[in-house]
1. Along the Cα-to-C-beta direction of L88, a point sits 7 Å from the Cα; which residues of segment 25-41 have their amide N less than 13 Å from that point?
2. What net charge do the residues around E81 carry, taking every other residue with its C-beta under 10 Å from that of E81, with Lys and Arg at +1 and Asp and Glu at -1?
3. For every other residue with a beta carbon closer than 11 angstrom to the beta carbon of R62, add +1 if it is Lys or Arg and -1 if Asp or Glu, then tell me the sum.
4. Which of P114, P94, P65 moves the most in a Gaussian network model of the chain with Cα springs under 10 Å?
5. Can you give the net charge of the other residues whose Cβ lies under 10 Å from the Cβ of V113, counting K and R as +1 and D and E as -1?
6. Take every DSSP beta bridge whose two residues both sit in segment 2-136, then give the antiparallel share in percent to the nearest 5.
7. So what is the calculated 222 nm ellipticity per residue for the chain, using -39500 (n - 2.57) for each DSSP H run with n of 4 or more, over all residues, to the nearest 500 deg cm²/dmol?
8. Would you look at the GNM of the chain, springs on alpha carbons closer than 10 Å, and say which of V176, V117, V157 moves the most?
Amino acid sequence: MLDNVLQRIQNYSPGALALPAHAREAAVLMPITRTENPELILTLRAQGLSTHAGEVAFPGGRRDPEDCDLIRTALREAQEEVGLAPGLVQVVGPLSEVVSRHGIKVTPYVGFVPDYVEYRANEAEIDSVFSVPLDFFANDPREITHRIDYLGRTWYVPSYQFGGYKIWGLTAVMLVELVNLVYDTQIILTEPPQLTKKEL
């Protein structure tokens, strides 16, 4: 399974955004466990944060001036937020750039991590760290779809419920790209989802 993920991401040409050169940059790490049934590591952001408070997200944040590149940003932020040592991460490659509602260009990086890591949530930023089996998303088990109008386009973004966690927004956009790539699913974000017989 992981060999398939590795090959598909390394052969992938992610999309790039035509944003101004001075646009603020950020990066997130999409950690996948090295297990027979890989899991994604996610965080629940602290309630007191100024942006994205109480939302599910991947470890990550804005690029610091001393970061030599965005991979460094993703690894540094993951260490600061959840105690994941950079040396434990095998960076596989990037997915497409996305833009947050605050106008920040975010680059996601997929990385493999051991399954024995004991994550330590930085209480100032993170309320909890949890994992979700990657194949949970393969059949697109969305509860609802959010219509988001942004940058002159309309997006239909799924919202997933796993345990007590709601996974939606920019995190769901990144997840959809990963799942489409790994499982050959065809979750389309630019069109409304097809209604099932049960919903009709």
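Bear in mind that the values in this text are calculations on the coordinates, not laboratory data. Note that the structure is predicted; figures quoted are calculated from it, not measured. No Cβ is skipped: glycine too gets one built from the backbone with ideal geometry, and neighbour counts run over all protein chains shown.
1. 31-34, 41
2. Once all neighbours under 10 Å are counted, the net charge is 0.
3. Computed value for this residue: 0.
4. P65
5. Local net charge: -1.
6. Bridges in segment 2-136 are about 70 percent antiparallel.
7. The helix contribution divided over the chain gives -6000 deg cm²/dmol.
8. Maximum fluctuation in the GNM of the chain, among the listed residues, is at V117.
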